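Below is one structure, written out as structure tokens, with a few remarks after it.
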Amino acid sequence: MLNSQIPVATLSDDSASTEAYLSFVTPGDLNRAWELGLFYLKTPGNLNLEFARRFGKELIACDSPYRRVPQYGELEGFIALENNQQTKLALRRERWGQHYPHHIAAFGRQLDTIGIAIIREVFRQSGIPEALWDRASGGYASGGGDAFLNFVHYDTRSPDWGLRPHTDYGFVTILDTSAPGLQIEMNGEFQDVPVLPGHLVINFGEALNFITAHSDRAVSAVTHRVLSQQSSDPVRHGIVYFANPGLDGMLWQFDAVGREQGSSSVEDLFAQLESRLTEDL
Ligand SMILES: [Fe+2]
């Protein structure tokens, strides 16, 4: 039922430029997406999603060479946690060329294009002058920043609590999943975000909320959770792309006339969010 309340956007190519534009059917849909912090995006026709899904399914096979991708810190590499249903291959943009096959690295760059189109639309709506977009976003708006492309599997045969309620840290998350279970908080209650065939789920994170907070139109970072996966289909697959600011950078808050209203190092902002999350427990 919530399905009909979640706005749907499309990406359209402007033939006069190489930039893709995000568009909603009505201005009301855009308002709702910005308030909710979440919307569906019609899967762009040129996106090689089927290839990527197949790659995702194959990489957990016992003899898959991708199981040997080393772990880099806590966030990257082939990661299987014992107390969790998740097995994943997670890599930031700098390592795509090294570990992903050519067509998957290219798929990641297609998701970069989508992420950039979304953040540019957020800036356009915010009134923040275009000359400041790059600085405000720690470089992401012009192709820099930090991006992750992760292939995630949930093995529903092992017990798990799912993902506790949280907001994402970064700017934009792009999700393709074969399984229901995602819920968002609306009016104090958790509601299902059903899988809508032919569509990706887009949600906004804390860094985007931070940089638009003093503009004409701030976006919400949506609180969401994932229910423990239970189904007759034992393995569920997901592809997740995170558009984030670089961890060693700065974020700037500007108003619609370009005056600086605040700033934070990315590290400080993330540490603050982390402590808030821990207090909530
Ligand atoms: Fe999340």
How many residues are under 14 Å from G145 (Cβ atoms) and open to solvent by 30 Å² or more (accessible area, probe 1.4 Å) if we restrict to region 243-264?
4
The condition from (1) in contact with a Leu (Cβ under 6 Å, 6 or more places away or on another chain); (2) among the aromatic types (F, W, Y); (3) touching a residue at least 40 places away in the same chain (Cβ under 8 Å) that Y66 misses is numbered (3)
In the list L91, L111, which residue meets the criterion of being in contact (Cβ under 8 Å) with a residue 24 or more places away in the chain, under 17 Å from the mean Cα position of the chain (by Cα) and part of a strand (DSSP E or B)?
L91
Six or more apart or on different chains, Cβ under 8 Å: which pairs go from a residue in region 74-88 that's open to solvent by 90 Å² or more (accessible area, probe 1.4 Å) and assigned to a loop (DSSP other than H, G, I, E, B) to one that's modelled with pLDDT under 85 and of a type outside the set (K, R)? Could you list them?
N83/D160
What number of residues in region 122-153 are away from the ligand (no atom under 14 Å from the Cβ) and either open to solvent by less than 10 Å² (accessible area, probe 1.4 Å) or not in a loop (DSSP other than H, G, I, E, B) (or both)?
22
Might you let me know whether region 207-218 holds any residue that is within 16 Å of the ligand (Cβ to nearest atom), within 23 Å of L49 (Cα to Cα) and open to solvent by 20 Å² or more (accessible area, probe 1.4 Å)?
no
Can you tell me which residues in region 96-108 are free of Cβ contacts under 8 Å to residues at least 24 places away in the same chain and open to solvent by 30 Å² or more (accessible area, probe 1.4 Å)?
G97, Q98, H102
Could you please let me know if L47 is open to solvent by less than 10 Å² (accessible area, probe 1.4 Å) and not in a helix (DSSP H, G or I)?
no
Which one of the conditions (1) at pLDDT below 95; (2) away from the ligand (no atom under 15 Å from the Cβ); (3) surrounded by 18 or more Cβ atoms within 10 Å (Cβ to Cβ); (4) within 27 Å of V235 (Cβ to Cβ) does L111 fail to meet, given that it meets all the rest?
(1)
Condition check: in contact with a helix residue (DSSP H, G or I) (Cβ under 7 Å, 6 or more places away or on another chain), of a type in the set (A, V, I, L, M, F, W, C) and within 16 Å of the ligand (Cβ to nearest atom). Does I119 satisfy that?
no
Report whether or not T173 is within 16 Å of the ligand (Cβ to nearest atom) and either within 20 Å of A52 (Cβ to Cβ) or open to solvent by 50 Å² or more (accessible area, probe 1.4 Å) (or both).
yes
By residue number, the members of region 55-69 that are assigned to a helix (DSSP H, G or I) and surrounded by 12 or more Cβ atoms within 10 Å (Cβ to Cβ) are F55, G56, K57, Y66, R67
So which residues in region 184-206 are within 13 Å of the ligand (Cβ to nearest atom) and either touching a helix residue (DSSP H, G or I) at 6+ places or on another chain (Cβ under 9 Å) or acidic (D, E) (or both)?
I184, E185, V193, I202, N203, F204, E206
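The values are calculated or read from the model by the stated rules, or taken from the named source; none is laboratory data. Since this is a predicted model, take the numbers as computed values, not measurements. Positions of Cβ are generated from backbone atoms using ideal geometry, with glycine treated the same way; all protein chains shown enter the neighbour counts. These area figures cover heavy atoms from the full protein model, side chains too; ligands, DNA and RNA do not enter into them. Shrake-Rupley method; radii C 1.70, N 1.55, O 1.52, S 1.80 Å.
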